[in-house]
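S.K.: One structure follows; several queries about it will come next.
The values are calculated or read from the model by the stated rules, or taken from the named source; none is laboratory data. Computed from a predicted structure; not experimentally measured. Note: ideal-geometry Cβ built from the backbone for every residue, glycine included; neighbour counts use all protein chains shown. To get the accessible areas, we keep the full protein, side chains included, count just its heavy atoms, and leave off ligands, DNA and RNA. Shrake-Rupley method; radii C 1.70, N 1.55, O 1.52, S 1.80 Å.
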Amino acid sequence: MKGLSNSIDQAILNLVREKSSGKNAELPLKQNVTLSELGLGVLDIYDLIVALEDRYQITIDEQEGPADAWTLETLSRCVKRKLLQKSSQTLNWKDLFENLIFSGKVRALRTPLTVHLDLTFRCNSRCIFCYDSSGADHGRAELTTEEVKRILDECEEMDVVEVQFGGGEPFMREDLLDLVAYTKKKNLRIFILTNGTLITEEKAHRLAALMDRRFDNIQVSLDGARPEIHDKQRGVSGNFEKALAGIRNLQQSGLSPVVNTVLTKLNYAHIPEMIPFLIEEGIQVFRVLRLQPLGRCLNSSLYDELKLTPEQSEYIFEFLFEKREELFGQLQISKDNACIFPMSSRTLRSRVLPQPGREPVSDACGAGTSKLAVGPDGSVFPCSYMYEFPELRVGSVRENTLQELWDRDELWTLYRNRLTPTGKCRGCEYLYYCKTGCRIISYAIHGDMGAPDPGCYYEPAGLQGVREGGDQALRVA
């Protein structure tokens, strides 16, 4: 397997071979042989443990018994357990700053951490669920190269950390790579969101020469391990093979793309088969995103046709939750749990203490408080999910600077002010944690940002109309 070369298991095996002077070079990875039986003395085992602790910045204890009785498998299990504990306790840079907002310490950051910059609504795919209905030209004048560069100049001046290039399909812009180069000159981090179908070998190598592998990322959409699944969701025959070619071109250039899958009723049963497929393809990070009732899926009949049942949603969440630990070090499954609304998961609810009657310290999300989005025509919104709601537009970079817009607090009252929860959220003992969910999705469905997120399947215990089955564990046959 391609993914094995970068795995924790392989790293441990290489170190063991080194300490045993290569005498067991042909030893199978999972053979149940103790380290001492492999020829490692006490000092060799000590050196091995120190090397692993230095490599992964962890402390290895003897929960599995005396170290000289460990096998390759128990040593690997110990390292993975420690790394999992470490990952769950470590905040990334976005979390650290956004916690200032979510804890109510500040109303909004001095400057957005992230600017989401959609360069075009044009797209060579026709995704059946596209959140901004990308595809044909929308008839709006796209930002010119010079206008985009002025935005990037402002991002540098404002101390923005990351710029996300999206669309539509950003590679439809002939100047994309020039804009990437300009962004890096401004010392900004980059995240590119793409369907991957237009990434040739030449473009991949140019990207690799520009992007910093420590901080920059590129995400490619792939909705299944087979053409008939992916192409059906993406609306274009042959899309799967082109996307896969784009992924391989990136890998061959030295870049490691994130693979993102949008979860629908069409592909949910095929998610398990994606795991070995992605490992075989050498993918290191996998993210699954729940379907959003936006764009083309604002059509309620289409959304109802494509969205998962509560049972299906819970099944996929539990599957990915288990695989995240099982495959730790081999395939990173995103821990943002974006495949499900958090409070819909019995597992996630069990990890927090119900807080009946307690209001959130802050109702804010990142939209308009730590990030903003700029549409292809220069329109500014708190979040790219809002493009099809012109009444939520706060301004335009063709009329004002980003700093001027960000500093005009009255433009952001809908996003920086407290919400008034409505519907079942008012009596929910988990409101403290979820804050009614995604504001824009609630707005899209109910016309009310304080209404329940349509992805929430949980019924508060004190309310009538609890669906059949109550709060029992959800399973599918």
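S.K.: Quick one: if you take sqrt(5λ) for each eigenvalue of the C-alpha gyration tensor of the range 162-237, what semi-axes come out, biggest first, whole angstrom?
M.R.: Three semi-axes, in Å: 25, 12, 11.
S.K.: Using a 1.4 Å probe on the protein chains only, how many percent of the accessible area of the range 161-305 belongs to carbon and sulfur?
M.R.: Values: 2660 of 5550 Å².
With neighbouring chains kept in place, the figure for the range 161-305 is 48 percent.
S.K.: Further question on the same structure: So what's the gap between the Cα centers of the range 127-179 and the range 260-319, to the nearest angstrom?
M.R.: One Cα centre to the other: 26 Å.
S.K.: Debye calculation, C-alpha points only, no solvent: report log10 I(q)/I(0) for the range 268-370 at q = 0.11, 0.13, 0.18 Å⁻¹, in the same order as the q values.
M.R.: For the range 268-370 at q = 0.11, 0.13, 0.18 Å⁻¹, log10 I(q)/I(0) is -0.46, -0.64, -1.06.
S.K.: So what is log10(I(q)/I(0)) for the range 128-208 at q = 0.12, 0.18, 0.19, 0.26 1/Å, when the Debye sum runs over its Cα atoms only?
M.R.: -0.38, -0.85, -0.93, -1.38
S.K.: Note the direction-averaged projected area, equal to a quarter of the hull surface, for the Cα convex hull of the range 315-393, in nm². Don't jump to the answer; show the numbers that get you there.
M.R.: Details: hull surface 33.8 nm².
Here the figure is 8.4 nm², rounded to one decimal.
S.K.: What are the aspartates and glutamates whose alpha-carbon lies under 17 Å from the alpha-carbon of Lys80, with same-chain residues fewer than 8 places away excluded?
M.R.: Cross-link targets: Asp9, Glu53, Asp54, Asp61, Glu62, Glu64, Glu322, Glu325, Glu326.
S.K.: Which of the peptides 418-429, 107-118 is most tightly packed, and how do the rest follow, going by the mean number of other Cβ atoms within 10 Å of each residue?
M.R.: Going by the mean number of other Cβ atoms within 10 Å, highest first, we get 107-118, 418-429.
S.K.: Compute from the Cα atoms of the range 114-174 the Rg and the Dmax, the latter being the longest Cα-Cα distance, and quote both in angstrom.
M.R.: 12.7, 39
S.K.: Can you sort Asp54, Asp216 by solvent-accessible area, 1.4 Å probe, largest first?
M.R.: Listed by decreasing accessible area, they come as Asp54, Asp216.
S.K.: Taking a cut-off of 20 Å between Cα atoms, list the lysines near Lys424, but don't count ones fewer than 8 places away on the same chain.
M.R.: Lys424 reaches Lys435.
S.K.: Output the lone cysteines of the chain: those with no second cysteine's C-beta under 4.7 Å from their C-beta.
M.R.: Flagged as lacking a Cys partner: Cys78, Cys123, Cys155, Cys297, Cys339, Cys365, Cys383, Cys425, Cys428, Cys434, Cys438, Cys456.
S.K.: Another one. With the Cα gyration tensor of the range 91-142 in hand, give its eigenvalues times 5 under a square root as the equivalent ellipsoid semi-axes, listed largest first in whole angstrom.
M.R.: 34, 13, 10
S.K.: For a protection proxy built on the mean count of beta-carbon atoms within 10 angstrom, sort 36-44, 220-228 highest first, please.
M.R.: 220-228, 36-44
S.K.: Here's another thing I want to ask about it. Distance cut-off 20 Å, Cα to Cα: go down the list Lys203/Lys242; Lys86/Lys184; Lys94/Lys323 and report the pairs above it.
M.R.: Lys86/Lys184; Lys94/Lys323
S.K.: Could you give the size of the charge dipole of the chain about its Cα centre, using +1 on the Cβ of each K and R and -1 on the Cβ of each D and E, expressed in debye and rounded to the nearest 20?
M.R.: Details: 58 positive and 67 negative charges, 89 e Å.
Once rounded to the nearest 20, the dipole reads 420 debye.
S.K.: With mean projected area of the Cα convex hull in nm² as the read-out, I listed [x] 29.5; [y] 26.8; [z] 24.5; which label goes with the value calculated from this structure?
M.R.: [z]
S.K.: If you put +1 on each Lys and Arg Cβ and -1 on each Asp and Glu Cβ, how big is the dipole of the range 95-181 around its Cα centre, in Debye rounded to 20?
M.R.: Dipole magnitude for the range 95-181 comes out near 420 debye.
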